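Here is the structure we will look at, set down as structure tokens.
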Amino acid sequence: MIISMKMHATRQEIDEVRAIVAHFGYKVHSIEGEERVVIGVVGVGDVTACMESVESMPQVEKVVRISAPYKFVSKQFKSGRTRIALNNGVEIGGDEFVVMAGPCSVESEKQIMEAAEGVAKAGAKMLRGGAFKPRTSPYDFQGMEEEGLKLLQKARAATGLGIVTEVMSDRDVDMIAQYADVMQVGARNMQNFMLLKALGKCGRPVLLKRGSAAPSKSC
């Protein structure tokens, strides 16, 4: 469910609502605006009793029951556009259209530095390059791995561009997060749930590429 607090509700009043929700076994997540706070509620419990208790509180304006499992990304919970601030000062989802460009894979220092200079000169804000590259044949080039990440880091230092690079395995998430500003998931990994769970905890935005035949509800 989604709980809308009345305008200018105090911190104590908000905490009282959160405590009631927690009492019924639910988890809460708040979005705090300048004038109003919206609380998202997820979990399993006695939803009817919880709603009745919360609705009776004077600091609560409205309680809406949401049946969809993706409550935190629903328009009922957050009506405005999502804005993602990156480490290099770039904002995705704002008024500026953000271009990400670069080679498929990082192959050498000369190659990635020249590519970064060209990308920056063209006006893009993010450098895309793969340090880990999945190939059909095991004999093909598989990427420079961490050495490639270091080259991407060097290109970022020289140009100010943010870094987007693909993550292939949940084992590599923590290492790649030390170098990348955005973690990319390729179409073949869009349903790799172990990888997606690890990415959800890494503290970096995720660029998820979806397969052409994927149904809209799959992500």
From Glu61, Glu52, residue being part of a helix (DSSP H, G or I), modelled with pLDDT of 90 or more, on the phi < 0 side of the Ramachandran plot and among the charged types (D, E, K, R): Glu52
Tally of residues being of a type in the set (A, V, I, L, M) and either touching a strand residue (DSSP E or B) at 6+ places or on another chain (Cβ under 6 Å) or under 23 Å from Arg83 (Cα atoms) (or both) across the stretch 18-34: 3
Residues located in the stretch 18-52, provided they are hydrophobic (A, V, I, L, M, F, W, C) and farther than 18 Å from Met5 by Cβ: Val44, Val47, Ala49
Tally, over the stretch 101-129, of residues that are part of a strand (DSSP E or B) and more than 15 Å from Asp181 (Cβ to Cβ): 1
Hits in the stretch 25-49 (condition: buried (at least 18 other Cβ atoms within 10 Å of the Cβ) and not in a strand (DSSP E or B)): Tyr26
The stretch 142-175, residues that are out of contact with any Lys or Arg (no Cβ under 7 Å at 6 or more places or on another chain), in contact (Cβ under 8 Å) with a residue 60 or more places away in the chain and assigned to a loop (DSSP other than H, G, I, E, B): Gly160
Residue match in the stretch 176-185 (condition: of a type in the set (S, T, N, Q), surrounded by fewer than 14 Cβ atoms within 10 Å (Cβ to Cβ) and in the same structural domain as Val99 (by TED's automatic domain parsing)): yes
Selection count, the stretch 156-185, where residues are touching a strand residue (DSSP E or B) at 6+ places or on another chain (Cβ under 6 Å) and more than 25 Å from Lys197 (Cα to Cα): 2
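The values are calculated or read from the model by the stated rules, or taken from the named source; none is laboratory data. Here the structure is a predicted model, which means the values were calculated and not measured. A quick note on method: Cβ atoms are made from the backbone with ideal geometry, for glycine too, and the neighbour counts reach across all protein chains shown.
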